[in-house]
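Chemist: Provided herewith is a single structure, encoded as structure tokens, for subsequent inquiry.
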Amino acid sequence: MSRYLRLLLVQLRASALLAVQYRSDFFIDGVISLFWTATAIVPLLVVFQDRALLQDWSMAEAMVVTGWFVFLNAILEGGINPGLQAVVEQIRKGTLDFVLLKPADSQFLVSTSRFQLWRVSNLLAAAAIFIFAFHRMGRLPSLGGILASALLLVAATAVLYSLWILTVSAAFFVVKVDNLTYLFGSIFDAARWPATVFRGVVRFVFTFVIPLALMTTYPAEALLGRLEASKLLFSLLGAAAFTALARWVWMRSIAHYTSASS
């Protein structure tokens with residue numbers, strides 16, 4: 001464990017050095033990121049312009065869901081996407097050998113190969129949304145709610161990462177997965193809304209197939225102090241199952257990899 005922690009710190013340091021080399025880009029990207037966060041709130045302003053509730057969610061409560069969406073998007077774009085997107089190109093060119101031959105776990109190496117550290121601005125923006133939302137509600141989250149939401153943050157990150165691993169693993173079997181990544185990004189956009197907004201088959205898919213509810217709605221409900229214990233347990237078990245599935249698929253996919261020298 002300590003060895004992999006040192007490797008992670010080395011990868012973070014390399015990403016930080018790369019960001020320092022292009023300081024202007026770092027700040028410009030940060031400003032653009034904050035602008036994107038502002039636009040994420042606009043749909044809420046439009047929807048709640050003529051109504052007080054949306055499926056039993058007030059505007060302030062729905063903003064907590066949006067805050068989790070912004071938070072997880074920062075993790076996705078800053079910590080998950082940069083490294084795993086490069087894997088697709090390595091698989092195409094057959095140059096993944098350089099990773100597989102290293103004396104460390106290949107999934108860990110490709111997942112931590114690069115970070116976009118300027119996405120930290122999105123984390124700060126998410127915190128600002130949480131503060132503003134609870135200020136509007138005139139209360140603070142309970143300690144139990146904070147602890148439960150912290151557990152769900154870990155679960156949501158694990159599910160988000162696992163879904164991306166499953167998407168990238170498809171590159172071992174098909175030539176292009178760009179459309180899959182774009183599709184996944186478009187679907188993840190729906191996570192900015194509470195899961196109760198959706199109905200029928202769409203709600204089932206966003207709860208059990210692509211668990212967007214686990215990623216944003218459940219953590220928001222936990223922070224608001226109204227998440228059922230059964231949902232918390234289901235989320236933790238579901239995250240563990242998704243992580244195990246992603247690991248199994250990754251190992252099976254590597255077995256089908258054909259290197260440039262083959």
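Chemist: Looking only at segment 234-245, decide whether some residue is under 23 Å from Leu45 (Cα atoms) and crowded, with 18+ Cβ neighbours inside 10 Å. Before the answer, list the steps.
Modeler: Going through segment 234-245, the residues under 23 Å from Leu45 (Cα atoms) turn out to be none.
No, that holds for no residue.
Chemist: Further question on the same structure: What tally of residues in segment 134-171 results from selecting those that are assigned to a helix (DSSP H, G or I), among the small types (Gly, Ala, Ser) and within 17 Å of Val64 (Cα to Cα)? Walk me through it before giving the result.
Modeler: Pass one, segment 134-171, residues assigned to a helix (DSSP H, G or I): 134-137, 143-171.
Of the ones still in play, those that are also among the small types (Gly, Ala, Ser) are 144-145, 148-150, 155-156, 158, 162, 169-171.
Filter again for within 17 Å of Val64 (Cα to Cα), leaving 144-145, 148-150, 156.
Matching residues across segment 134-171 total 6.
Chemist: Still on this structure, I have one more. List the pairs whose first member sits in segment 28-47 and is farther than 16 Å from Asp189 by Cα, whose second member is part of a helix (DSSP H, G or I) and at pLDDT 75 or above, and whose Cβ atoms are under 6 Å apart, counting only residues at least 6 apart or on separate chains?
Modeler: Gly30/Ser121; Leu34/Ser121; Leu34/Ala125
Chemist: Let me ask you something else. Considering every residue within segment 181-189, establish whether at least one is closer than 30 Å to Phe132 by Cβ, loosely packed, with under 12 Cβ neighbours inside 10 Å and of a type in the set (S, T, N, Q). If you could, list the steps in order and put the result at the bottom.
Modeler: Step one: of segment 181-189, the residues closer than 30 Å to Phe132 by Cβ are 184-189.
Now drop any that are not loosely packed, with under 12 Cβ neighbours inside 10 Å, which leaves 186.
If we keep only those that are of a type in the set (S, T, N, Q) too, we end up with 186.
Yes, that holds for at least one residue.
Chemist: Here's something else I'd like to know. Identify all residues within segment 51-101 that are of a type in the set (Ser, Thr, Tyr) and over 22 Å from the mean Cα position of the chain (by Cα); write none if there are none. Break it down into steps so the answer makes sense when it comes.
Modeler: First pass over segment 51-101, keeping only residues of a type in the set (Ser, Thr, Tyr): 58, 66, 95.
Listed by number, the residues that qualify are Ser58, Thr95.
Chemist: Also: Working only within segment 81-108, note down all residues that are aromatic (Phe, Trp, Tyr) and under 21 Å from Phe188 (Cα atoms).
Modeler: None - no residue of segment 81-108 is aromatic (Phe, Trp, Tyr) and under 21 Å from Phe188 (Cα atoms), so the list stays empty.
Chemist: Please return the ranges of helices (runs of 4 or more DSSP H) entirely within segment 57-133 where 2 or more residues are polar (S, T, N, Q) and either modelled with pLDDT under 90 or touching a Ser or Thr at 6+ places or on another chain (Cβ under 7 Å) (or both).
Modeler: Working: elements: 59-75, 81-93, 97-100, 106-111.
It comes to 81-93, 106-111.
Chemist: Of all residues being within 18 Å of the chain's Cα centre (by Cα) and of a type in the set (Ser, Thr, Tyr) in segment 189-243, which is nearest to Gln55 (Cα to Cα)? Just the residue, please.
Modeler: Among those that are within 18 Å of the chain's Cα centre (by Cα) and of a type in the set (Ser, Thr, Tyr), it is Thr217.
Chemist: Does Thr216 satisfy being of a type in the set (S, T, N, Q) and in contact (Cβ under 8 Å) with a residue 60 or more places away in the chain?
Modeler: Details: of a type in the set (S, T, N, Q): yes; in contact (Cβ under 8 Å) with a residue 60 or more places away in the chain: yes.
Here the answer is yes, as Thr216 does meet what is asked.
Chemist: So in segment 39-54, with the set limited to residues that are in a loop (DSSP other than H, G, I, E, B) and among the hydrophobic types (A, V, I, L, M, F, W, C), which one is farthest from Trp193 (Cα to Cα)? Can you show your working first?
Modeler: From segment 39-54, those in a loop (DSSP other than H, G, I, E, B) are 48-52; that's our starting set.
Right, trim to among the hydrophobic types (A, V, I, L, M, F, W, C) and you get 48, 52.
Working: Phe48: 13, Ala52: 16 Å.
So the residue we want is Ala52.
Chemist: Here's something else I'd like to know. Please indicate, with yes or no, whether at least one residue in segment 54-71 is among the charged types (D, E, K, R), out of contact with any Phe, Trp or Tyr (no Cβ under 6 Å at 6 or more places or on another chain), surrounded by 20 or more Cβ atoms within 10 Å (Cβ to Cβ) and more than 25 Å from Ile32 (Cβ to Cβ).
Modeler: Yes, there is a match, as at least one residue in segment 54-71 is among the charged types (D, E, K, R), out of contact with any Phe, Trp or Tyr (no Cβ under 6 Å at 6 or more places or on another chain), surrounded by 20 or more Cβ atoms within 10 Å (Cβ to Cβ) and more than 25 Å from Ile32 (Cβ to Cβ).
Chemist: Name the residue, out of Ala213, Ala246, Ala220, that is more than 30 Å from Lys93 (Cα to Cα), at pLDDT 90 or above and of a type in the set (Gly, Ala, Ser).
Modeler: On the way: Ala213 fails: at pLDDT 90 or above; Ala246 fails: more than 30 Å from Lys93 (Cα to Cα).
Answer to the check: Ala220.
Chemist: Can I ask one more? Quick check, is Leu124 of a type outside the set (Ser, Thr, Tyr) and either free of Cβ contacts under 8 Å to residues at least 12 places away in the same chain or loosely packed, with under 14 Cβ neighbours inside 10 Å (or both)?
Modeler: Against the criterion (of a type outside the set (Ser, Thr, Tyr) and either free of Cβ contacts under 8 Å to residues at least 12 places away in the same chain or loosely packed, with under 14 Cβ neighbours inside 10 Å (or both)), Leu124 qualifies.
The values are calculated or read from the model by the stated rules, or taken from the named source; none is laboratory data. These numbers were taken from a predicted model, which means no experiment stands behind them. Backbone-built Cβ (ideal geometry, glycine too); neighbour counts: all protein chains shown.
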